[in-house]
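First up is the structure itself, then whatever we jot down about it.
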Amino acid sequence: MSVEPGASVALVNITERAAEKARALLEARELPNGALRVFVAGGGCSGYQYGMALARSSEEDDIVIEQFGVRILVDPESARYLEGAEIDYVDDIMKSGFSIYNPNAVKSCACGSSFQTADGSGQPRACC
């Protein structure tokens, strides 16, 4: 599945600052046609945890979103937990890296890398 650039509603949004960092990472890894894969996996101290990776290409069933010159890939299973999420890049005295604001999270751990949904699904594990 693909979403055209500039589509009115995107599954996931990325800030300009995060897109700039993602483009720089793709360039540094010599992946000019690569993408940022965003996914959700079971675990973390709240039940689900976020993951990100650089991808050379998309999978057949990926949802492909393009914003600020960056392709974002989301698998269908993760999509249900990421709808309306925003990817940002934080660089301050306490933390440096990508962060995700997820309106579907009803509870998050202190580190911000794991979350719980309203249905309470997911298996919490020891904190990061």
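The values are calculated or read from the model by the stated rules, or taken from the named source; none is laboratory data. Note that this is a predicted model, so its numbers are computed, not measured. Neighbour counts are summed over all protein chains in view; Cβ atoms, including those assigned to glycine, are modelled from backbone coordinates with ideal geometry.
Here are the numbers:
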quantity: Qualifying residue in region 26-45 (condition: touching a Ser or Thr at 6+ places or on another chain (Cβ under 6 Å), in contact (Cβ under 8 Å) with a residue 60 or more places away in the chain and buried (at least 21 other Cβ atoms within 10 Å of the Cβ)); calculated: yes
quantity: Residues (at pLDDT below 95, within 19 Å of residue 15 (Cα to Cα) and of a type in the set (Phe, Trp, Tyr)) located in region 47-80; calculated: 50
quantity: Of residues in region 82-113 being among the hydrophobic types (A, V, I, L, M, F, W, C), closer than 17 Å to residue 13 by Cα and buried (at least 17 other Cβ atoms within 10 Å of the Cβ), the one modelled with the lowest pLDDT; calculated: 105
quantity: Test: residue in region 24-42 that is within 22 Å of residue 103 (Cβ to Cβ) and more than 14 Å from the chain's Cα centre (by Cα); calculated: yes
quantity: All positions within region 63-89 that are part of a helix (DSSP H, G or I) and hydroxyl-bearing (Ser, Thr, Tyr); calculated: 78, 81
quantity: Cross-chain or 6+ apart pairs with Cβ under 9 Å, region 50-75 first and touching a residue at least 60 places away in the same chain (Cβ under 8 Å) and at negative phi, then charged (D, E, K, R) and in a loop (DSSP other than H, G, I, E, B); calculated: 61/75; 62/75; 63/75; 66/4; 74/62
